[in-house]
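Asker: First the structure, then my questions, so here it is.
The values are calculated or read from the model by the stated rules, or taken from the named source; none is laboratory data. It should be emphasised that the depicted structure is a prediction, and the values quoted were computed from it without experimental measurement. All Cβ positions, glycine included, derive from the backbone under ideal geometry; neighbour counts span all protein chains shown.
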Amino acid sequence: MDLNSPLFDRIRIASKHRQQLGSAALRCDRPGCNEPGTFRAPKGWQSEGEYFCFCLDHVRAYNASYNYFSGMAPEAVALYQRDASIGHRPTWTMGGNGGFRFRSDDPSRFVDPLRIFGRGSGPKMAEEPKMPRCGIAAKRALDQLGLDETADSSVIRMRYKDMVKRLHPDANGGDRSLEDKLREIIHAYNYLKSVKLA
């Protein structure tokens, strides 16, 4: 890294001298004090993000007597402390949705409605309707091979090999009239391979 680069000069932060000049303009918030207020102290409950500016002596005195919970009811303090244990985030009880319950006849097994742990451990759920596994182009390619969309990869490969053997000029006695159909078959098979159906 070149420290003398003009780009490096643009990312430098303000010097400490400039920062001291900006903070020297603030005066201590303690009434009657004319010292610079260079130290921040939080204002407290319901004033989060707001600060007093004190000199060193007054910030020490303020910190010694600071109590975030001053002015709060004891119930509110207890609620705040309880919520602090979980980071003030919402929580839910474990197993509240009733998904996994022990069976009464066999306590070592539980009800698994999503069948995560096998076939027989939950009530039978209705099967979702099967979505088509291929698009329009794949359907056209399968149609070129004379197949429907239920054909698996082994059937597609066997049909391709069979059609190439029948349509190739070397296999059909030199008849070149079927070359266009052969090109279409090869193109369709290559497309099916590219979309991982063959």
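Asker: Within segment 136-154, work out how many residues are more than 20 Å from Asp180 (Cβ to Cβ) and of a type in the set (D, E, K, R).
Answerer: Going through segment 136-154 one residue at a time, the tally reaches 4.
Asker: Pairs only if they're at least six apart or on different chains, beta carbon under 7 angstrom, first in segment 69-80 and more than 9 Å from Trp45 (Cβ to Cβ), second hydrophobic (A, V, I, L, M, F, W, C) and outside any helix (DSSP H, G or I); list them, first residue then second.
Answerer: From segment 69-80, the pairs are Val77/Phe69.
Asker: From (1) at pLDDT 80 or above; (2) assigned to a helix (DSSP H, G or I); (3) surrounded by 12 or more Cβ atoms within 10 Å (Cβ to Cβ), pick out the condition that doesn't hold for Phe52.
Answerer: So Phe52 meets the others, but not (2).
Asker: If you don't mind, another one. Which one of these is at pLDDT 85 or above, more than 30 Å from Tyr80 (Cα to Cα) and surrounded by fewer than 10 Cβ atoms within 10 Å (Cβ to Cβ): Gly32, Gly37?
Answerer: Going through Gly32, Gly37 in turn, just one is at pLDDT 85 or above, more than 30 Å from Tyr80 (Cα to Cα) and surrounded by fewer than 10 Cβ atoms within 10 Å (Cβ to Cβ): Gly32.
For (1) modelled with pLDDT of 60 or more; (2) assigned to a helix (DSSP H, G or I); (3) assigned by TED's automatic domain parsing to the domain that holds Glu35, each residue gets a yes or a no:
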residue	(1), (2), (3)
Arg60	yes, yes, yes
Asn63	yes, yes, yes
Met72	yes, no, yes
Val77	yes, yes, yes
Gly120	no, no, no
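Asker: Taking segment 148-196 only, how many residues are assigned to a loop (DSSP other than H, G, I, E, B) and either touching a Lys or Arg at 6+ places or on another chain (Cβ under 8 Å) or aromatic (Phe, Trp, Tyr) (or both)? Explain how you work it out, then say what you get.
Answerer: Applying the first criterion (assigned to a loop (DSSP other than H, G, I, E, B)) to segment 148-196 yields 148-152, 168-175, 195-196.
Next, from what is left, pick out any that are either touching a Lys or Arg at 6+ places or on another chain (Cβ under 8 Å) or aromatic (Phe, Trp, Tyr) (or both): 149, 151, 169, 171-172.
Final tally of qualifying residues: 5.
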